[in-house]
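I have placed the structure first, in the form of structure tokens, so that the comments after it can refer back to it.
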Amino acid sequence: MKSVGIFYFSGTGNTEIIAEMIREAFAERDYQIDLIRMEDVLKNSRTINPADYDLIGIGSPVLGYTSPKIVRDFIRILPKILSKESRRKVFIFRTAAGVAPVNYNASKPIIRQLAARGYDVLYERIFSISSNWIFKYDDDVILKLYEASRKKADLLCSEVISGKKRLLKTSPLRRAMMEFVMLADRPFLRMVSKDYVVSASCSHCGLCVKNCPSANIREKNGKIKFGMSCNSCLRCVYSCPKNAIGFRTLSFFAVPGGYNIKKILAHPCPPDEKDKRSEPPFFKAYVGDIDL
Ligand SMILES: Cc1cc2nc3c(=O)[nH]c(=O)nc-3n(C[C@H](O)[C@H](O)[C@H](O)COP(=O)(O)O)c2cc1C
């Protein structure tokens, strides 16, 4: 039986949903699947044996047009493959607010990082369910993106198995520009948590400390402290039961009213006509037949 190891990071659940869809698609094709969160590997110093897998999948949200720190940290601990014959085939799945050329270069740095360790990325695809940043899409749009994503997960699976090569491309100028943006973004994204403020409604339940994927939050002398390893995933902001974590200056980062994708999918609300958003620009192509 062939096997696939799917390693993913998901701040607020979107990438986890896609990872599950991909797992189901491989299972239908009789693959043996390991679905593993990168944070569990890193926190438990778990070792990975690439020889266990015929295929390796890497999943991550696009944050600030690039990859969060935790993904680069995870790749750094992947065992180096020295012989040419043992190199592993890798596919990458990203989730983003938009499936658009501005995000097409987001995986280039990790593709280089993987190649240097003996892992050949042959396929990448960007999925979208919703934005968890600044605004979310209307729930009816989210449901349609979700359904379209399931079909794309199935397509990814059959194309990866058939050996199809699919790497996202942009013009060299856009690529050069985005490489620059990504370099500038990295230190900024790591410092996002330095802008967090914890309000008096904090009940010190410890959930943010326990949930942070990079163990970047701790409680000291009754105060919540944030370190310098933030992924800017906003998990702590959205999962605080008291809504006690906010921003000093970047308050526009958080979706008004919070973001809980599982809740939206289970109980979608009709859009308030007054606040109804237009469909995102990529929507028609994504839910239609175009291979976006
Ligand atoms: C700080 C931050 C930055 C983001 N940057 C981008 C971006 O550059 N491009 C984009 O399309 N979406 C961006 N997003 C939206 C997320 O990529 C998207 O909602 C993703 O599906 C979230 O996945 P997750 O729920 O698995 O964390 C950003 C989200 C956050 C929180």
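Scan the stretch 70-93 and give yes if some residue there is assigned by TED's automatic domain parsing to the domain that holds L167, modelled with pLDDT of 95 or more, within 12 Å of the ligand (Cβ to nearest atom) and open to solvent by 20 Å² or more (accessible area, probe 1.4 Å), otherwise no.
No, the stretch 70-93 contains no residue that is assigned by TED's automatic domain parsing to the domain that holds L167, modelled with pLDDT of 95 or more, within 12 Å of the ligand (Cβ to nearest atom) and open to solvent by 20 Å² or more (accessible area, probe 1.4 Å).
Identify all residues within the stretch 7-49 that are assigned to a strand (DSSP E or B) and either in contact with a Leu (Cβ under 8 Å, 6 or more places away or on another chain) or under 21 Å from I217 (Cβ atoms) (or both); write none if there are none. Break it down into steps so the answer makes sense when it comes.
The first filter runs over the stretch 7-49 and keeps only residues assigned to a strand (DSSP E or B), leaving 7-8, 32-37.
Y8, R37, listed by residue number.
Going by the structure shown, is D154 farther than 16 Å from K69 by Cα and touching a Cys at 6+ places or on another chain (Cβ under 9 Å)?
no
Enumerate the pairs (first residue in the stretch 26-41 and under 11 Å from C157 (Cα atoms); second residue anywhere and of a type in the set (A, V, I, L, M) and modelled with pLDDT under 95) with beta-carbon separation below 8 Å, excluding pairs fewer than 6 apart on the same chain, so at least 6 apart or on different chains.
If the second residue must be of a type in the set (A, V, I, L, M) and modelled with pLDDT under 95, the pairs left are Y31/M1.
Being more than 9 Å from the ligand (Cβ to nearest atom), among the small types (G, A, S) and touching a helix residue (DSSP H, G or I) at 6+ places or on another chain (Cβ under 8 Å), is that true of even one residue in the stretch 22-31?
Filtering the stretch 22-31 down to residues more than 9 Å from the ligand (Cβ to nearest atom) leaves 22-31.
Narrowing further to those that are among the small types (G, A, S): 25, 27.
After this cut, where a residue has to be touching a helix residue (DSSP H, G or I) at 6+ places or on another chain (Cβ under 8 Å) as well, the list is 25.
Taking every residue of the stretch 22-31 in turn, at least one turns out to be more than 9 Å from the ligand (Cβ to nearest atom), among the small types (G, A, S) and touching a helix residue (DSSP H, G or I) at 6+ places or on another chain (Cβ under 8 Å).
If we keep just the residues of the stretch 94-109 that are over 17 Å from R166 (Cβ atoms) and within 8 Å of the ligand (Cβ to nearest atom), which is surrounded by the most Cβ atoms within 10 Å (Cβ to Cβ)?
Among those that are over 17 Å from R166 (Cβ atoms) and within 8 Å of the ligand (Cβ to nearest atom), it is A97.
Step by step: first the residues of the stretch 118-138, then only those that are within 13 Å of the ligand (Cβ to nearest atom) and over 15 Å from F93 (Cβ atoms), then the one that is most open to solvent (accessible area, probe 1.4 Å). Which residue is that?
So the residue we want is W133.
Inspect the stretch 163-179 for any residue being buried (at least 17 other Cβ atoms within 10 Å of the Cβ), among the aliphatic types (A, V, I, L, M) and more than 30 Å from K262 (Cα to Cα) and give the result as yes or no.
yes
Which pairs have Cβ atoms under 9 Å, sit 6 or more apart or on different chains, and link a residue in the stretch 276-287 that is among the charged types (D, E, K, R) to one that is open to solvent by 90 Å² or more (accessible area, probe 1.4 Å) and not in a loop (DSSP other than H, G, I, E, B)?
E279/K144
Output the number of the condition that L114 fails; it satisfies all remaining conditions of (1) outside any loop (DSSP other than H, G, I, E, B); (2) open to solvent by 10 Å² or more (accessible area, probe 1.4 Å); (3) among the hydrophobic types (A, V, I, L, M, F, W, C).
(2)
The values are calculated or read from the model by the stated rules, or taken from the named source; none is laboratory data. In this text the structure is predicted, and so the values were computed from the model without any measurement. Positions of Cβ are backbone-derived with ideal geometry, glycine not excepted, and every protein chain shown enters the neighbour counts. Just so you know, the surface numbers come from the protein's heavy atoms only, side chains and all, with ligands and any DNA or RNA stripped out. Shrake-Rupley method; radii C 1.70, N 1.55, O 1.52, S 1.80 Å.
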